[in-house]
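The block underneath contains the structure these notes are about, expressed in structure tokens.
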Amino acid sequence: QVQLVESGGGLVQAGGSLRLSCAASGSIISINVMAWYRQAPGKQRELVAAVTRAGSTNYAESVKGRFAISRDNAKNTVSLQMNRLKPEDTAVYYCNADLRESGRNYLDRFWGQGTQVTVSS
């Protein structure tokens, strides 16, 4: 059973920093893309940042220059360093991985449980 477990969320003042981490475990053959999404109250879930196995990254325009995504392929982990946080960054942040599970010949999408990030003004 594949699981994505997130950690690092919390309450921080505007201008502060948080680092989110996500560890994938289970019978994983390979992980293609790892990403962070977020969902604010009353809004749809949106992509924050994504990183391929080769290290190519994509960021939402709203977080470019402030957030940095990274991954450790050997450990099947992905992190999101969030700097200069703003109140509008407040959301539940979800770890995502498109991966191949043992016994499957296709990629499947898995999600973490979500971790709350609250930025006070």
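Would you mention how many residues in segment 45-77 are on the phi < 0 side of the Ramachandran plot and assigned to a loop (DSSP other than H, G, I, E, B)?
Result for segment 45-77: 13.
When the residues of segment 1-39 are narrowed to those that are among the β-branched types (V, I, T) and open to solvent by 40 Å² or more (accessible area, probe 1.4 Å), which ends up modelled with the highest pLDDT?
The qualifying residue modelled with the highest pLDDT is V5.
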Of all residues in segment 90-109 being out of contact with any Lys or Arg (no Cβ under 8 Å at 6 or more places or on another chain) and under 16 Å from V48 (Cα atoms), which is surrounded by the most Cβ atoms within 10 Å (Cβ to Cβ)? C95
So, in segment 110-121, how many residues would count as being part of a loop (DSSP other than H, G, I, E, B) and either surrounded by 11 or more Cβ atoms within 10 Å (Cβ to Cβ) or at pLDDT 95 or above (or both)? 3
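When you go through R45, R71, R53 one by one, which is the residue that is buried (at least 18 other Cβ atoms within 10 Å of the Cβ) and basic (K, R)? Give the derivation first.
Working: R45 fails: buried (at least 18 other Cβ atoms within 10 Å of the Cβ); R53 fails: buried (at least 18 other Cβ atoms within 10 Å of the Cβ).
R71 is the lone residue from the list that is buried (at least 18 other Cβ atoms within 10 Å of the Cβ) and basic (K, R).
The values are calculated or read from the model by the stated rules, or taken from the named source; none is laboratory data. Note that the structure is predicted; figures quoted are calculated from it, not measured. Cβ atoms come from the backbone with ideal geometry, glycine included; neighbour counts cover every protein chain shown. Note: areas computed on protein heavy atoms with side chains; ligands, DNA, RNA excluded. Shrake-Rupley method; radii C 1.70, N 1.55, O 1.52, S 1.80 Å.
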